[in-house]
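Peer 1: Structure below; questions to follow.
What follows is calculated from the coordinates using simple rules that are stated; it is not laboratory data. Small disclaimer: the values here were computed from a predicted structure and weren't measured. As a convention, Cβ positions derive from the backbone with ideal geometry for all residues, glycine included, and neighbour counts pool all protein chains shown.
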Amino acid sequence: MTVVWVALGASVGAPLRFLIDRWIQVRHDTVFPWGTLTANLAGCLVLGFLVAALTRLPPVVEAALGTGFCGALTTYSTFSFETLRLLEGGARFYAVTYLVASLLGGFGAVGLGWTVGTWLAG
């Protein structure tokens, strides 16, 4: 039954990721993947918050929100592909910037989400 909850969460997270990516990316005339970066950082922020604030929820709800929703909202495969595409296109500066922003930003977003969630659950 948990797998159904994960699928339900993913059915919201995946389209949201697509919409965030398109909404952000069409506003930037650059090869830098702003849309994916935004979706990934948002997912990290939400997951950090969920881990801290929602520890009292049933495991199936945690699976739906954490694994399903956040797992589908964020995308390591697209991040990896876009980094490789930037490198192949000779945009080394963008590739390194994207790599650093994704890693440090992701850790920072999880930490911020966790801090806010801990404070609210307090």
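Peer 1: For the range 23-122, give me every one of the helices (runs of 4 or more DSSP H) that falls completely inside it and has 3 or more residues that are among the β-branched types (Val, Ile, Thr) and under 18 Å from the mean Cα position of the chain (by Cα).
Peer 2: Counting at least 3 such residues, we get 34-53, 92-121.
Peer 1: List every residue pair whose Cβ atoms sit under 6 Å apart, with the two residues 6 or more apart in sequence or on different chains, where the first one lies in the range 76-94 and is under 20 Å from Leu104 (Cβ atoms) and the second, anywhere, is of a type in the set (D, E, K, R) and loosely packed, with under 13 Cβ neighbours inside 10 Å.
Peer 2: Hits for this filter: zero, empty list.
Here is a yes/no grid of residues against (1) surrounded by 14 or more Cβ atoms within 10 Å (Cβ to Cβ); (2) closer than 24 Å to Leu112 by Cβ:
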position: Val3; (1), (2): no, no
position: Leu8; (1), (2): yes, no
position: Gly43; (1), (2): yes, yes
position: Ala53; (1), (2): yes, yes
position: Arg56; (1), (2): no, yes
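Peer 1: Going by the structure shown, is Leu19 surrounded by 14 or more Cβ atoms within 10 Å (Cβ to Cβ), of a type in the set (A, V, I, L, M) and part of a helix (DSSP H, G or I)?
Peer 2: Taking the combined requirement at face value, the residue does not satisfy it.
Peer 1: Moving on. How many of the residues in the range 1-54 are of a type in the set (Val, Ile, Thr) and either closer than 21 Å to Ser102 by Cα or touching a strand residue (DSSP E or B) at 6+ places or on another chain (Cβ under 6 Å) (or both)?
Peer 2: Within the range 1-54, residues that are of a type in the set (Val, Ile, Thr) and either closer than 21 Å to Ser102 by Cα or touching a strand residue (DSSP E or B) at 6+ places or on another chain (Cβ under 6 Å) (or both) number 9.
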